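Enquirer: There's a structure below that I have some questions on.
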Amino acid sequence: MLYGGLRIYQPAIGEAGGSLVALTGLMAVLVWGRGIRGSAPLWLLLAAVLVQLLSWVLIAWQHPDWAASNPKLDRMAKWFLFIGVAWWLGGSTRHTLLLWGLALFGLLLMVTIGEQAWPEWQRALTKSWYRPAFGIQNAQHAALFFGAGLLGLIVFAGRCWHIGSYAWLRRLVWLVLFSVLLCGVAVTQTRGIWLGLLLAGSAVAMAALLWLWHYRHPRHLMRWMALGLVGLVLVGAVAGVAFHDTVERRLAKENEAIANILSGDVASVPYSSVGVRFHTWRAAGQWFVERPLVGWGDEARGLVIKNTDWLPDHVRQQFGHLHNTTLEILVAYGVLGLGVMLLLTAWVAMGTWRAWRAGVMPGDMALFGLGFLIFFVVVNQFESYLSFWSGTYLFNLVLGGLVSHIWYWQVRGNRGDHSESICLNKKVG
């Protein structure tokens, strides 16, 4: 819980908690994880370590000047910290939602009472060009948390809006959180996050409508469609009035670069935000085709930029990464490295589907899993989130909850009973 609740607001405490959870959880899986220690995440973790080791050995042999003094095996291994998180959650829906809720609470603390919170809000709301970071790496990384939180809040809205005890309090809290997160998504002005939310939200909406059509009476479908449409119109109207100038300016800013790219006039693409990405991605492609299988090793993302002669000096000095996680994996560890992550994504997606079909994973959690995977894949094509603590933290937090349910489903199926979770405790929630 320290990892979930304090990683954003109190990084030192949260990071220590995360390391403890990861190490103890991995050890517990290896010792007591009967039925799950042979599952895909453990084998893929081993594959990730071997791929990194192979890449380092080959680059040290063939290009020793460009090799790190030691293999940095944590570069990909840290993306598997969710193994420990999943173990300690024990297949519990209640514990998973509590962990995710604490993470959202930690974000809320950071952007409301954090040292830079109110000055950042004040500047962002009075100066349309300003992009606040709230002390979280930079604006793009703050936007990542706002976007993921907003997606989760929408998918899990039914839990807050249903009739029952403290209904009005739950609804009020939901509205406050929704307003803060929506404003955060707008003022951080990160186009990749907007696109990720659009695509993920569309996929979630289509999946929800298909489920309603298949399992509910058409009248229920029409009612939910009407409510959803009214909600979207209201939110769109409010956001349009409040942030019209900001959004319009941000979207129009790169028209020249996009037009030149689409027309094939590569030489005329300016080194703007989009232009820098385009040119460094071209450079990455050239490096990748030279070593497509195992890549250029741990330092590849910096090597690509600093050692591509046709890039301007200011780009080579100012930028140290490629703003694209997929390309960074390809140039560092080749198709073998990317293959590991693609297999992990496919396993989680398929496992989420099967756990939901088996009744182990709640429907809204499965929907969130679908939306998050789409959102995270999209946004990582425009920023190297997984190369920074923010993306690693969010990735492991969400996958920890999903994988915990997948493991519970696997163990329950192997044992043929419904009484125990992966931690041999009663399943809660």
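Enquirer: Taking the conditions exactly as written (touching a Ser or Thr at 6+ places or on another chain (Cβ under 7 Å) and assigned to a helix (DSSP H, G or I)), does H95 satisfy them or not?
Expert: Judged against the criteria, H95 is not a match.
Enquirer: Let me ask something else about it. Show the residue pairs that are 6+ apart or on different chains and have beta-carbon atoms under 6 Å apart, the first residue being within the stretch 263-291 and modelled with pLDDT of 90 or more, the second being of a type in the set (S, T, Y).
Expert: Pairs that qualify, where the first residue is modelled with pLDDT of 90 or more and the partner is of a type in the set (S, T, Y), are A283/T308.
Enquirer: Mind checking whether some residue in the stretch 226-245 is under 30 Å from L338 (Cα atoms), modelled with pLDDT of 60 or more and surrounded by 13 or more Cβ atoms within 10 Å (Cβ to Cβ)?
Expert: No, there is no match, as no residue in the stretch 226-245 is under 30 Å from L338 (Cα atoms), modelled with pLDDT of 60 or more and surrounded by 13 or more Cβ atoms within 10 Å (Cβ to Cβ).
Enquirer: For the stretch 299-311, enumerate the residues that are of a type in the set (K, R) and either surrounded by fewer than 17 Cβ atoms within 10 Å (Cβ to Cβ) or at pLDDT 90 or above (or both).
Expert: Residue satisfying the conditions is K306 alone.
Enquirer: Conditions: (1) assigned to a loop (DSSP other than H, G, I, E, B); (2) at pLDDT below 90; (3) over 16 Å from Q381 (Cα atoms); (4) not aliphatic (A, V, I, L, M). W296 meets all but one. Number of the miss?
Expert: Against the list (1) assigned to a loop (DSSP other than H, G, I, E, B); (2) at pLDDT below 90; (3) over 16 Å from Q381 (Cα atoms); (4) not aliphatic (A, V, I, L, M), W296 comes up short only on (2).
Enquirer: Which residue pairs have Cβ atoms closer than 6 Å, lie 6 or more positions apart in sequence or on different chains, and pair a first residue in the stretch 130-151 that is charged (D, E, K, R) with a second residue that is in a helix (DSSP H, G or I)?
Expert: Listed by first residue and then by second, the contacts come to R131/A139.
Enquirer: How many of the residues making up the stretch 312-331 are at pLDDT 95 or above and of a type in the set (G, A, S)?
Expert: Final tally of qualifying residues: 0.
Enquirer: Considering only residues that are surrounded by 21 or more Cβ atoms within 10 Å (Cβ to Cβ) and over 23 Å from F388 (Cβ atoms), which ones fall in the stretch 312-355?
Expert: Once the filter is applied, which keeps residues that are surrounded by 21 or more Cβ atoms within 10 Å (Cβ to Cβ) and over 23 Å from F388 (Cβ atoms), the stretch 312-355 yields G351, T352, A355.
Enquirer: Can you find, within the stretch 22-39, the residue that is nearest to W389 (Cα to Cα) among those that are at pLDDT below 90 and buried (at least 19 other Cβ atoms within 10 Å of the Cβ)?
Expert: A22
Enquirer: Scanning for something at pLDDT below 90 and over 19 Å from the mean Cα position of the chain (by Cα), does the stretch 171-183 turn up at least one residue?
Expert: The answer is yes; a qualifying residue exists.
Enquirer: Residue by residue through the stretch 333-391, note down the ones that are polar (S, T, N, Q) and outside any helix (DSSP H, G or I).
Expert: Those that are polar (S, T, N, Q) and outside any helix (DSSP H, G or I): N380, Q381, S384.
Enquirer: Take the conditions touching a residue at least 60 places away in the same chain (Cβ under 8 Å) and on the phi < 0 side of the Ramachandran plot and apply them to V51. Does it pass? Lay out the reasoning, then the answer.
Expert: Working: touching a residue at least 60 places away in the same chain (Cβ under 8 Å): yes; on the phi < 0 side of the Ramachandran plot: yes.
When the stated conditions are applied, V51 passes them.
Enquirer: Take the conditions among the acidic types (D, E), more than 17 Å from V274 (Cβ to Cβ), assigned to a loop (DSSP other than H, G, I, E, B) and under 28 Å from the mean Cα position of the chain (by Cα) and apply them to D309. Does it pass?
Expert: no
Enquirer: Check whether at least one residue in the stretch 72-82 is farther than 30 Å from V180 by Cβ, assigned to a helix (DSSP H, G or I) and of a type in the set (F, W, Y), and report yes or no.
Expert: Step one: list which residues in the stretch 72-82 are farther than 30 Å from V180 by Cβ, which gives 72-77, 80.
With the extra rule that they be assigned to a helix (DSSP H, G or I), the set shrinks to 74-77, 80.
From what is left, the residues that are of a type in the set (F, W, Y) are 80.
Scanning the stretch 72-82 turns up at least one residue that is farther than 30 Å from V180 by Cβ, assigned to a helix (DSSP H, G or I) and of a type in the set (F, W, Y).
Enquirer: Assess whether A203 counts as being over 26 Å from Q122 (Cα atoms), part of a helix (DSSP H, G or I) and modelled with pLDDT of 90 or more.
Expert: Values: over 26 Å from Q122 (Cα atoms): yes; part of a helix (DSSP H, G or I): yes; modelled with pLDDT of 90 or more: yes.
Yes.
The values are calculated or read from the model by the stated rules, or taken from the named source; none is laboratory data. On a predicted model such as this, the values are computed, not experimentally measured, just so you know. Ideal geometry is used to build each Cβ from the backbone, glycine not excepted, and the neighbour counts take in all protein chains shown.
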